[in-house]
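Presented below is the structure to which this report refers.
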Amino acid sequence: MSMRYPSPHPPEELRFEKILYQKRDWVATVTINRPEALNAVDFQTLREMSRAFEDASWDDSIAVVVLTGAGERAFSTGADLEEQEQFLSRPGDYWKWMGAFIDAHDRLRHIGKPTIARLNGMVVGGGNEFNIACDLAIAAEHAVLRHVGMARGSVAAAGATQWLPLIIGDRRAREMLFLCEEIPARKALEWGLVNQVVPYAQLDAAVAELATKLIRKLPEVTRYTKQQANFWRELAWALTIGHARDWLSLHAGSAEVEEGLRAFLEKREVDYLGRRRQVAEGKSSEHPWGRYTQRCRNCGALGLPADFEHCGRCGAKI
């Protein structure tokens, strides 16, 4: 009795809503199709990316996978911050979101075929983590690469902190992660963060030329070369990603995340010194109004912040 394996699908059968998926001439192209959100990834986008990566992995008519973003402004700016705001009240849900992020990364790295990041604009945060998860990268001249976690209350703990030191060196990785400054495409090329930089009008031709070179290699040895070349990335990822998922889930409702998100949504500067003063003055780093230790003697309400002078339920003086 012969074994039956899942068959790859024509792209139109997969009915994606937030990505575009094309297969042609040995190349599968996955495009994050949220240009109105600068191709930020939400839960559904991540799930669709995983499904496309799985399909491309199974399809023997695919030799190379290209990952890119729709439009000219952004490859991807990472996590969708409007969705992330929901985690302030339900931080446990971040654990589920992070699972989808990890799954998309795992399927991309284990796809068994060379992958090219087509960097068509801004490459920020989690977007850069998808860039460096690919084997090779070609950037348009106007592209900029950046991490903003330390400026916004998050940590680049799902790829960047593990892999950037391997790719661009320890000091440059710390500069990129700590300062949160833009790295222009030409500087990224100098650092080894991308393989080529071309004018935007030549981006597709450059990607096609690179894909053709990769197609003209033998598939089995290509797959194994990729597997072995991933050794240090896989080791660093496996040792840290479970911890990162849990820590980031616990941190998702923290005061630092809230300040970073609020500042972004309100289009203002983050109050960095205000947060530092609060801690320096001995106040709780996680509770802006003090720990939840007070009890109202009038109505019996429990868990009132230590700095409250009046009960939030009945208004009586505490």
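Around E13, with a cut-off of 15 angstrom between Cβ atoms, what is the net charge of the other residues, counting Lys and Arg +1 and Asp and Glu -1?
That works out to -3.
Once both axes come from the Cα atoms, what is the angle between helix 170-179 and the longest principal axis of the chain, in degrees from 0 to 90, rounded to 10?
50 degrees
Give me the percent relative contact order of segment 160-202, please, defined on Cα pairs under 8 angstrom at least 6 residues apart.
Once divided by the residue count of segment 160-202, the mean separation gives 30 percent.
If you compute P(r) over Cα pairs in 20 Å bins from 0, in percent for the structure shown, which of (1) 31, 53, 16, 0; (2) 32, 50, 17, 0; (3) 29, 51, 16, 3 do you land on?
It is the one labelled (3).
Excluding A40 itself, calculate the net charge of residues whose Cβ lies under 10 Å from the Cβ of A40, where each Lys or Arg counts +1 and each Asp or Glu counts -1.
Spelling it out: positives minus negatives among the neighbours equals -4.
Please get the size of the charge dipole for the chain, origin at its Cα centre, with Cβ charges of +1 on Lys and Arg and -1 on Asp and Glu, quoted in debye to the nearest 20.
That gives a dipole near 580 debye.
Could you rank the peptides 37-50, 111-124 by their average count of other C-beta atoms within 10 Å per residue, with the highest value first?
By packing density, highest mean first, the sequence is 111-124, 37-50.
Between segment 55-97 and segment 253-310, what's the alpha-carbon centroid distance in Å?
With segment 55-97 and segment 253-310 each reduced to a Cα centre, they are spaced 31 Å.
Nearest 5 is fine: what % of DSSP beta bridges in the chain come out antiparallel, could you say?
The answer is about 35 percent antiparallel.
Round to the nearest 10 and give me the degree value, 0 to 90, for the angle of helix 203-215's Cα axis relative to the longest principal axis of the chain.
60 degrees
Filter K18/K267; K113/K213; K23/K113 down to the pairs with a C-alpha to C-alpha distance above 18 Å, please.
Exceeds cut-off: K18/K267.
Grab the other residues whose beta carbon is less than 13 angstrom from that of V198, score K and R as +1, D and E as -1, and report the net.
Result for the neighbourhood of V198: -1.
Read phi for every residue in segment 132-148 and hand back ³J(HN,Hα) as whole Hz from Karplus 6.51 cos²θ - 1.76 cosθ + 1.60, θ = phi - 60°, with x for Gly and Pro.
Each residue of segment 132-148 in turn: 6, 6, 7, 6, 9, 9, 10, 10, 6, 4, 8, 5, 10, 10, 6, 10, 10 Hz.
Applying 1/(1 + (r/R0)^6) with R0 = 30 Å to the Cβ-Cβ distance of K213 and H243, what FRET efficiency is obtained, to the nearest 0.05?
0.20
Enter the angle in degrees (range 0 to 90, nearest 10) between the Cα long axis of helix 43-58 and the first principal axis of the Cα atoms of the chain, meaning the one along which they spread out most.
20 degrees
Hey, in the chain, which Cys have no second cysteine's beta-carbon closer than 4.7 Å?
Among the cysteines of the chain, those whose Cβ sits 4.7 Å or more from every other are C134, C180.
Could you tell me the center-to-center distance, by alpha carbons, between segment 187-248 and segment 102-169 in angstrom?
9 Å
No lab work stands behind these numbers, since they all come straight from the coordinates. The structure displayed is predicted, hence computed values, not measured ones. Quick reminder, even Gly has a Cβ in these numbers, built from the backbone with ideal geometry, and neighbours come from all protein chains shown.
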